Amino acid sequence: MDQNETLLRGAAAPAALDRRRLLAYAGATSAVAVVGALARPTSASAVIRLGETTASVDSVKEALAVAAKNAWGGFQNGKIPSSQLTPVISSVPGSGYLRQDAARQYTAMSLAFSKAVGRTLDITEGYRDYARQLDYWNRYQAGTGNLAAYPGTSNHGWGISVDFGSGVQTAGTAAKRWMDANAPSYGWQPTGNTFSRPEPWHFDYTRAWTGPVGQRNDLGSVIARCTGSLPGVGSGYVALIGFRHLRQLENSGWVNSLRALDVPIYDLSPAAFLDALDALSVPRSALVAKANYWLR
């Protein structure tokens, strides 16, 4: 126990962390005071409510130790340059990144999921930078947000956690059952099932980082094929999209050439196509015939 924990516990504080008592304590404590204290994450308080952790993690010190085991590349949690991550499509702006090996296995898994379940495997949130971790944490402690890991300990901050949609977010669905049964074979574990408040949508990539690997597809993009009509361009629209870039693929030859480079292809509804543009910071105004938008 460090000095900060000792001071925050006080003489009458319990000797061991008990989540139920912590919930009661937090309910009786001013939300302003709680959030104010947690805005300084170096103050490792033992009276906080840990979220997105397994039952075996009972203190900030333990959470930090677990997080340190998942470090890779010499980076700090939540402070990994986007250039060191692989872009993926996600619906939370700025979160469309994963560690390279996690992204590759997600792509393989998503193709199998689509074949088995009949829909694309959508990512709600992937990478979570430190500022967003702190924001989520403070909301969780104030009772206004979902479970959140202590800032600097989230696996989202290593680019190895994903919150999925596509039905996976609901326990008991065919999508969730398929993921629980099959995702581990791709290295993705349904760790959200074990949280203090289960999150069926949360999965962690648990295979060890062995360094960057060569791959033919270094474009950081995907092929998006719209299954309906898009405003201004009509039906049959196919494009290469990635972070802040969009290029219409006007013939099947272009598509086949990119597929030969292992660029994944997704069939998206018009709404999902537009959501993907938003998530990848591509303005909808760039969606035009013969689009060739690129902003770096």
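Select from the range 182-207 the residues that are in contact with a strand residue (DSSP E or B) (Cβ under 8 Å, 6 or more places away or on another chain) and part of a loop (DSSP other than H, G, I, E, B) and list them in ascending order.
Selection gives G187, P190, F195, E199, W201, T206.
Would you point out which residue out of Y140, Y127, Y106, Y136 is crowded, with 18+ Cβ neighbours inside 10 Å, modelled with pLDDT of 95 or more and either part of a helix (DSSP H, G or I) or touching a strand residue (DSSP E or B) at 6+ places or on another chain (Cβ under 6 Å) (or both)?
Exactly one of Y140, Y127, Y106, Y136 is crowded, with 18+ Cβ neighbours inside 10 Å, modelled with pLDDT of 95 or more and either part of a helix (DSSP H, G or I) or touching a strand residue (DSSP E or B) at 6+ places or on another chain (Cβ under 6 Å) (or both), namely Y127.
Out of the residues in the range 174-186 that are touching a helix residue (DSSP H, G or I) at 6+ places or on another chain (Cβ under 9 Å) and within 19 Å of D122 (Cβ to Cβ), which is surrounded by the fewest Cβ atoms within 10 Å (Cβ to Cβ)?
A174
Does K79 fit the bill of being farther than 20 Å from P200 by Cα, charged (D, E, K, R), surrounded by fewer than 19 Cβ atoms within 10 Å (Cβ to Cβ) and under 15 Å from the mean Cα position of the chain (by Cα)?
Yes: the conditions hold for K79.
Do we find a residue being more than 23 Å from G118 (Cα to Cα) and either in contact with a strand residue (DSSP E or B) (Cβ under 8 Å, 6 or more places away or on another chain) or part of a strand (DSSP E or B) (or both) anywhere in the range 256-275?
Within the range 256-275, one or more residues are more than 23 Å from G118 (Cα to Cα) and either in contact with a strand residue (DSSP E or B) (Cβ under 8 Å, 6 or more places away or on another chain) or part of a strand (DSSP E or B) (or both).
Starting from the range 144-162, keep only residues that are under 16 Å from Y186 (Cβ atoms) and not assigned by TED's automatic domain parsing to the domain that holds V60, then list their pairs with residues that are crowded, with 24+ Cβ neighbours inside 10 Å and of a type in the set (F, W, Y) whose Cβ atoms are within a distance under 9 Å, requiring at least 6 positions of separation or different chains.
none
Could you pull out the residue among L274, L268, L258 that is at pLDDT 90 or above and either surrounded by 12 or more Cβ atoms within 10 Å (Cβ to Cβ) or in contact with a Pro (Cβ under 7 Å, 6 or more places away or on another chain) (or both)?
L274
Would you mind stating whether T153 is outside any helix (DSSP H, G or I) and surrounded by fewer than 22 Cβ atoms within 10 Å (Cβ to Cβ)?
In short, no.
The values are calculated or read from the model by the stated rules, or taken from the named source; none is laboratory data. All of these numbers come straight from a predicted model, not from anything done at the bench. Counting neighbours? That spans all protein chains shown, and the Cβs are built from the backbone with ideal geometry, glycine included.
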